[in-house]
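The values are calculated or read from the model by the stated rules, or taken from the named source; none is laboratory data. Values in this document were obtained by computation on a predicted structure and should not be read as measured data. Please note: Cβ atoms are built from the backbone with ideal geometry, for glycine as well, and neighbour counts cover all protein chains shown.
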Amino acid sequence: MSLIYFLDLTGTFVFAISGMLAAAEKRFDLFGAAVIAFVTAVGGGTIRDLLIGKTPVGWMKDLNYLICIASAVPITLLFKSYIQGLRRTMFLFDTIGIGLFTILGLKSTLALGLSPVVALMMGVVSAVFGGVLRDVLANEVPLIFRKEIYATACIIGGLSYLLLTKTGIEEDWVIFLTVMLVIAIRILAVWKGLSLPALGKKDAYKSDSGNKF
């Protein structure tokens, strides 16, 4: 098993746990929670593969991804309170996951001969759209549409990967440096409270009577 494949499965597992925790906060039933875990873990990669015409999509060709998701469901149920106490660890794994999935999406798209611009877009889709589906199904505003530095870190990481591949540096080192860059940006943004500026005023969508349009 290659390191990148192992990390890919680990990221899938952690994203599934993230989906389970989000479902638990909304008090979903077991089936609903399992669905949220599934779309969080493989939703981004599925959308990417469908957009670039790579079918069957990845998890359909490798049941290890489904095993990771299926394992995350009972583990989250049994150790929910303990896992919630590991939010910093989960944040780190989630950050590693988005960095790695950005690169995997890039590589999959470039392998089909598509342009680097499209590859960068698909890298971001791979990394963040599982979370978008999770938040939409849980009736939350998706994280990438809020001020927090999230998709931006993936874009910077993807651009860095594309640039570093032109330098002749060994591929494994390029992947490592790129993922570390995404991790550094995310940690720095959370630590320093950095965010993108929000558009409009807080009450911009309220009428004179105080009701939303």
Of the residues in segment 35-58, those that are in a helix (DSSP H, G or I), without any contact (Cβ under 8 Å) to a residue 60 or more places away in the chain and more than 19 Å from residue 23 (Cβ to Cβ) come to 49, 50, 58
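Here's the yes/no breakdown for (1) more than 13 Å from residue 14 (Cβ to Cβ); (2) under 16 Å from the mean Cα position of the chain (by Cα):
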| site | (1), (2) |
| --- | --- |
| 96 | no, yes |
| 99 | no, yes |
| 109 | yes, no |
| 112 | yes, no |
| 118 | yes, no |
| 122 | yes, yes |
Log entry, pairs with first residue in segment 12-26 being under 14 Å from residue 86 (Cβ atoms), second being part of a helix (DSSP H, G or I) and modelled with pLDDT of 85 or more, beta carbons closer than 6 Å, six or more apart or on different chains, reads 13/68; 13/72; 17/72; 17/76; 18/40; 20/33; 20/37; 20/76
Of 143, 162, the only residue that is surrounded by fewer than 22 Cβ atoms within 10 Å (Cβ to Cβ), hydrophobic (A, V, I, L, M, F, W, C), touching a residue at least 12 places away in the same chain (Cβ under 8 Å) and touching a Pro at 6+ places or on another chain (Cβ under 9 Å) is 162
Out of (1) assigned to a loop (DSSP other than H, G, I, E, B); (2) crowded, with 19+ Cβ neighbours inside 10 Å, the one residue 112 does not meet is (2)
Of the residues in segment 166-196, those that are in contact with a helix residue (DSSP H, G or I) (Cβ under 6 Å, 6 or more places away or on another chain) and either closer than 16 Å to residue 92 by Cα or at pLDDT 90 or above (or both) come to 174, 178, 179, 181, 182, 183, 185, 186
Scanning segment 1-34 for residues that are out of contact with any helix residue (DSSP H, G or I) (no Cβ under 8 Å at 6 or more places or on another chain), closer than 23 Å to residue 141 by Cβ and not basic (Lys, Arg) gives 25
Filtering segment 152-188 down to residues that are of a type outside the set (Phe, Trp, Tyr) and farther than 22 Å from residue 118 by Cα yields 168, 169, 170, 172, 180, 183, 184, 185, 186, 187, 188
Only one of 100, 77 is surrounded by fewer than 16 Cβ atoms within 10 Å (Cβ to Cβ), among the aliphatic types (A, V, I, L, M), in contact with a helix residue (DSSP H, G or I) (Cβ under 8 Å, 6 or more places away or on another chain) and assigned to a helix (DSSP H, G or I), namely 77
